[in-house]
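The values are calculated or read from the model by the stated rules, or taken from the named source; none is laboratory data. All figures in this text were calculated on a predicted structure; none of them were measured in a lab. Every residue, glycine among them, receives a Cβ derived from its backbone with ideal geometry; neighbour counts consider all protein chains shown. Please note that ligands, DNA and RNA were not included when accessible areas were found on the heavy atoms of the full protein model with its side chains. Shrake-Rupley method; radii C 1.70, N 1.55, O 1.52, S 1.80 Å.
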Amino acid sequence: EPLESVKRTIESKKAVLVDVREKSEWDEGHIAGAIFLPLSELKKGGDALVDRLPKDAILYTHCRSGVRSLTAGKILAERGYVDVRPLRPGYEELLEAGFKKAEE
């Protein structure tokens with residue numbers, strides 16, 4: 001899926017971006033509006049984290065290079081999320097495609 005389409009879908013509130021990188025990576029910079037759900041926590045079965053995700057929206061997972069994104073996507077699908085779309089482009093590519101970096 002082209003990143004421009006992903007961006008439009010998120011902006012229209014039909015989808016959310018889920019950042020599955022680790023805390024140190026998140027703290028160095030993340031996309032505005034992304035939900036922080038590190039893969040390490042997801043693997044532990046942290047239901048409190050998963051409960052933050054909407055069941056009725058498209059979930060785009062992203063990491064640095066696409067590998068963790070794919071793993072997270074499989075875990076979320078196993079937990080009943082119907083429309084999970086792991087992104088191959090990572091954080092830097094999202095920024096280059098026009099996604100805004102959080103100001104925090």
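Quick one: length gained pulling Glu1 to Lys101 fully straight, 0.36 nm per residue minus the C-alpha distance?
On the way: separation 100, 0.36 × 100 = 36.00 nm, distance 2.09 nm.
Extra length from Glu1 to Lys101 when fully extended: 33.9 nm.
Label Val82 and Lys43 with points 7 Å out from Cα along Cα→Cβ: what is the distance between them in nm?
3.0 nm
Straight-line reach from Lys14: which lysines have Cα under 25 Å away, leaving out those fewer than 8 places along the same chain?
Hits, sequence-local ones excluded: Lys55, Lys74, Lys100, Lys101.
Given a 1.4 Å probe and the protein chains all in place, what does the accessible area of Arg79 round to, in Å² to the nearest 10?
70 Å²
Obtain the nm distance between the two label points defined at Leu53 and Val67 by a simple spin-label model: each point lies 7 Å from its Cα along the Cα-to-C-beta direction.
Going from the Leu53 label point to the Val67 one covers 2.0 nm.
What whole-number volume per residue, in cubic angstrom, does the convex hull of the C-alpha atoms of the stretch 1-53 give?
93 Å³
Which value in deg cm²/dmol, rounded to the nearest 500, describes the helix-derived mean residue ellipticity at 222 nm for the chain, given -39,500 (n - 2.57) per DSSP H run of n ≥ 4 and division by the residue count?
That calculation yields -10500 deg cm²/dmol at 222 nm.
Please give the solvent-accessible surface of Glu96 in Å², to the nearest 10, using a probe radius of 1.4 Å with every protein chain present.
Accessible area, nearest 10 Å²: 150 Å².
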